[in-house]
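All of the numbers you see were taken from the coordinates with simple rules; none came from a lab. Being a predicted model, the structure only gives us computed values, none of them experimental. Note that we place each Cβ from the backbone using ideal geometry, even for glycine, and neighbour counts take in every protein chain shown.
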Amino acid sequence: MKCPHNAHIALVDGERFVVMRNTGQIFEPKLEKVAEPKLEATNFSAGVKHQDPVSQRKGETDLNELAHATAAAEWLNQQAIAGEFSDLVVIADPKTLGEMRRHYHKELESRLAGELAKTLTNEPTEQIEKAIVAA
């Protein structure tokens, strides 16, 4: 995947949200941590579509995780609208990424350089860089 120089990378899972920036080149990313915003999960209606009986029995639905994904998307929307970044790569586990996509603002969508449906929030920076190159 192409990761433009100075692009921001959002690493998100159901509990953690980390923002990094690419200080390297487009095909040789070098990531540095920019922030780890503390989010207030307030939109618990986010997981309503996941409330089918099968998911509930299997324990596959966690409204707190889905609300966290929504809060991360809302934070990114605010940053995009404010012009805080020009390019963004979102890396999140598949369920989180799916929930985030439902809340993307058009301004955020216009700045998306790519998405990667993978859980990498707790991986070392080198592993994240390799995953971006391989995508």
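Descriptive notes on the structure:
- In Å, descending, principal axis extents of the Cα set of the chain: 47, 30, 23
- Set of aspartates and glutamates with alpha-carbon distance to LYS130 below 15 Å, sequence-local pairs under 8 removed: GLU28, GLU32, GLU115
- Bridge orientation summary for the chain: considering DSSP beta bridges with both residues in this region, about 50 percent are antiparallel.
- For the chain, a Gaussian network of Cα nodes joined below 10 Å ranks ALA82, ALA67, ALA113 by mean-square fluctuation, and the top entry is ALA82.
- Axis angle, to the nearest 10 degrees, between helix 63-81 and the longest C-alpha principal axis of the chain: 40 degrees.
- Spin-label model, ILE26 to GLU109: label points 7 Å out along the Cα-to-beta-carbon direction sit 2.5 nm apart.
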